[in-house]
Each structure stands twice: as C-alpha cells, then as structure tokens.
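J.: Please read through the structure below; I'll follow up with questions.
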Ligand code: SAM
Ligand code: SF4
C-alpha cells in the first residue's frame, strides 16, 4: 500500500525479543531490564500482524531482535511467517553467535536470507565491542551460511577504528559469496555518543584502495543500500547512509516491536499499538508467564483482521516524511536499538 506521502510500503521488520546475548557498546552496553514475557507478542499474534501486513502489500519480512535466535523456537516462527499468503521473503538479522546451532533449522524453515552483524575481524576489538569472546564461532557460522543460504550479508556499523578494520570486513566479500554492507551510525540510544565514520569519506578511501570499484545497479534486496562492485570480489559492498545519504523519499518500511508497537519511522515515536488491537476483548490467560493465544481464534480471523487493518492503515497514513537525524533535537524516539530491532 501507499503511505500518506505516496511511498510504497512493502517491507516490515519484526522484532521478536528484547533480549540479547551480546552487549554491543553502541546498542545495549549494560544489558536491559527485560520486558515481562506476557508483554511480548506470542507467535500467533506476530503471524496475525503479518497476515494483515501482507493483505496491505507487505512482501518481505525481516525477523530481528534483540537477538532473534535467543527466542525459543525462533525457526518455527520463520516457518509460520513463510506460510502467510502474499509474503515472498522472510529473512533474519542476527549477531551470528547462535547461527551455527540453528543454521540447519533455519534452512529447513525456508529462510530466504541471513544478515550477520559483524563490526570487526579483530578478536580483541570484537570482545571489547560486544562483551564476548566468540568471533571465531561467528565467522565459522558465516562461512557455513554463505555456502548454503541464497542471500547472506554482513552488516557492519561504520565505526572509526582505522583502515584495517574496514579493509578486513570489505575483503570478506572477496573470500566468500557475501555482500558486505556498511551502516552509518544513527543517533539512537547509545549510538548518539559513539564515534562513527562519515560514508562520504569511507567511500572515497575505498575507491582509492580498490581501483575499478564501480556502482552496482543490480537488485540486492529491499533496502536503501547503494552497492558497489570490486573487480575479482564474489560479493558486493553496500552503503546504508542514513545521515550522509538520506533516503527517506524512497522509504519502504515499517517496524513491529516485540511488544507489538507498529513504528513508522526510526526517528520518532509515531505509530500505533497493535498489541492492544490483538488483545482487545480477548479472554486469555498466561502460561508460564507467556501470553497465550485464545483457543479457537485463527490468526487470519476476519473480525480481528478488520480491526488490525484499520489500525495499520491509520498509522501508515501518518508515517513521517523524513527523519531528522541531522538535527537530533527533533528526535522523539527515546528507546534503544535493541528494543526497536535496527
Ligand atoms: N541482534 C541482531 C543483530 O545484531 O543483527 C538484531 C538486532 S540489532 C539492533 C540490528 C542491527 O542494528 C545490527 O546490525 C546493529 O549493528 C544495528 N545497530 C544497532 N545500533 C545502531 C545504531 N545506533 N545505528 C545504526 N545501526 C545500529
Ligand atoms: Fe545485541 Fe544486536 Fe544490539 Fe549487538 S546490535 S547488542 S547483537 S541487539
């Protein structure tokens, strides 16, 4: 469907947990007070939201977190989302720590793509950035995934850690069939205080390092990345430059938080509480602290879908025209990336 600005909205990121097994310094360095489990959408609620989204034209779902693979049965949810009519692709973004353990199940569930977040290849830096010493297992899982899954990407937040850092990451695309994407740090949560790279500078330096690097206009996904090819590399290099390459006029996405809040722009609190719509008038209990989907109710129930659709459409009509990251005083989002899902 079109939003209030006439943009086609066909992509939804779904955060399925606020928990994470890493402590990235720009995201959640000190952990969080985890939400009570009954406040988090159950799988049927997420599927009901996906039914509604698909009916409105969403075609691609990205499962995110926190760390999505720490949620029990995450792969079953992938399978449930794949079963939603109209959804063409279900992909996941993960820090890779549990990827080795779940790769087979993700593949069986029909995952269409995996993004692995990785900001450095230096073990000591990795430990200091994430709070854990597990770079080797992330790299091992990345290698295995690249050999089996149709679309594997590495996402690196562009930190100011010197040349070798971005060169090492870039060259992953030479060693295996993965796209490596650099993401400009956004002034959300702890990211506000973090020294970050300006992509105009990074791109210039990369161009000098890799003569023959040229823009790649082939379609790589559903996002705002601008891609380049480097001669001899298996994958491409992408730049997601929210600050120095603002792409709001072609924004195609909404976000569903783990608590069921449909967020229409990263920068602002605007959106709507789909959980209230999902649970309206429902008599259901909690089991072992989790919210239980009411027995006998189908996620595609006609009445429920009607209410969800109205809430969804209203929020989309009010989706802000553009972020204001360049003028942080206007940012109204007070949450951290870990609770939004990136
Ligand atoms: N835990 C998963 C992961 O790391 O891929 C999924 C959630 S994480 C919040 C999603 C992405 O957001 C990660 O690639 C992370 O690096 C990125 N991220 C976190 N804080 C950010 C910020 N302030 N600006 C830009 N990207 C950020
Ligand atoms: Fe966890 Fe991802 Fe945030 Fe790192 S970026 S702390 S892995 S949610």
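Read-outs throughout are calculated quantities, based only on the coordinates presented, and are distinct from any laboratory measurement. Keep in mind that this is a model prediction, so the values were computed, not measured. Methodologically, a virtual Cβ is constructed for each residue, glycine included, from the backbone with ideal geometry; neighbour enumeration extends over all protein chains shown.
J.: On C-alpha positions alone, give me the angle between the axis of helix 199-209 and the longest principal axis of the chain, in degrees, nearest 10.
T.: 40
J.: By how many nm would the segment from residue 137 to residue 201 lengthen if fully extended, with 0.36 nm per residue of separation less the alpha-carbon distance?
T.: Numbers: separation 64, 0.36 × 64 = 23.04 nm, distance 3.16 nm.
Extra length from residue 137 to residue 201 when fully extended: 19.9 nm.
J.: Right, another one. For the Cα atoms of the chain, what angle does the longest principal axis make with the long axis of helix 43-55, in degrees from 0 to 90, nearest 10?
T.: 80
J.: Starting with the highest mean, order 60-68, 268-276 by the number of other Cβ atoms within 10 Å, averaged over the residues of each peptide.
T.: Final packing ranking: 60-68, 268-276.
J.: Please sort 90-98, 118-126 by packing, taking for each peptide the average over its residues of neighbouring beta carbons within 10 angstrom, highest first.
T.: Peptide ranking by packing, descending: 90-98, 118-126.
J.: Then there's this: If you stretched the chain out fully between residue 144 and residue 21, how much longer would it get, using 0.36 nm times the residue separation minus the C-alpha to C-alpha distance?
T.: Result: 42.2 nm gained on full extension.
J.: Based on the mean of other Cβ atoms within 10 Å per residue, sort peptides 5-17, 76-88 so the most packed one is first.
T.: 5-17, 76-88
J.: For the range 145-196, just say rounded, prolate or oblate: build the C-alpha gyration tensor, square-root its eigenvalues into a ≥ b ≥ c, call rounded for a/c under 1.5, and beyond that prolate if a/b exceeds b/c, oblate if not.
T.: oblate
J.: Apply the a/c threshold of 1.5 to the C-alpha gyration tensor of the range 216-268 and tell me whether it is rounded, prolate or oblate.
T.: Details: a/c = 3.04, a/b = 2.15, b/c = 1.42.
Prolate is the answer for the range 216-268, as a/c is 1.5 or above and a/b outweighs b/c.
J.: Same structure again: On a C-alpha basis, how far is the centre of the range 1-76 from the centre of the range 123-149 in Å? Whole number, if you could?
T.: 23
J.: Further question on the same structure: What does DSSP give for the chain in terms of the percent of beta bridges that are antiparallel, rounded to the nearest 5?
T.: 35
J.: Now for a separate question. Suppose each label sits 7 Å from its Cα in the direction of the beta carbon; what would the residue 313-residue 295 distance come out to in nanometres?
T.: Inter-label distance under the simple model: 3.5 nm.
J.: Another one. With springs only between Cα atoms under 10 Å apart, run a GNM on the chain and tell me which of 133, 112, 327 wobbles the most.
T.: Result: 327 has the largest fluctuation of those listed.
J.: Multiply the residue separation of residue 124 and residue 5 by 0.36 nm, subtract the distance between their alpha-carbon atoms, and state the gained length in nm to one decimal.
T.: Between residue 124 and residue 5, full extension yields an extra 38.3 nm.
J.: By how many degrees, 0 to 90 and rounded to 10, does the Cα axis of helix 99-109 deviate from the longest principal axis of the chain?
T.: Value to nearest ten degrees: 50.
J.: Still on this structure: Go ahead and estimate [θ] at 222 nm for the chain from helices alone: -39,500 (n - 2.57) per DSSP H run with n ≥ 4, summed, over the residue count, rounded to 500. Mind showing how you got there, number by number?
T.: Values: 11 runs with 104 residues, N = 342.
Helix contribution divided over all residues of the chain: -8500 deg cm²/dmol.
J.: Comparing 307, 72, 127, which has the greatest mean-square fluctuation in the GNM of the chain with Cα pairs linked when under 10 Å apart?
T.: In the Gaussian network model the winner is 72.
J.: Between residue 276 and residue 101, what's the calculated FRET efficiency when r is the beta-carbon distance and R0 is 41 Å? Round to 0.05. Spell out each step's value before the answer.
T.: On the way: r = 35 Å, r/R0 = 0.86.
With R0 = 41 Å, the Cβ-Cβ based efficiency is 0.70.
J.: Checking the a/c ratio against 1.5 first, then a/b against b/c, what shape does the Cα gyration tensor give for the range 263-342?
T.: Oblate.
J.: How many nm separate the modelled label positions at residue 174 and residue 192, each set 7 Å beyond the Cα in the direction of the Cβ?
T.: Here the modelled spin labels are 4.0 nm apart.
J.: Between residue 302 and residue 243, what is the label-point separation in nm under the 7 Å Cα-to-beta-carbon projection?
T.: About 5.2 nm, to one decimal.
J.: Separate question: Normalized C-alpha radius of gyration of the chain, against 2.2 N^0.38 Å? The partial results should precede the final answer.
T.: Numbers: Rg = 19.5 Å, N = 342, 2.2 N^0.38 = 20.2 Å.
So the Cα radius of gyration is 0.97 times the expected 2.2 N^0.38 Å.
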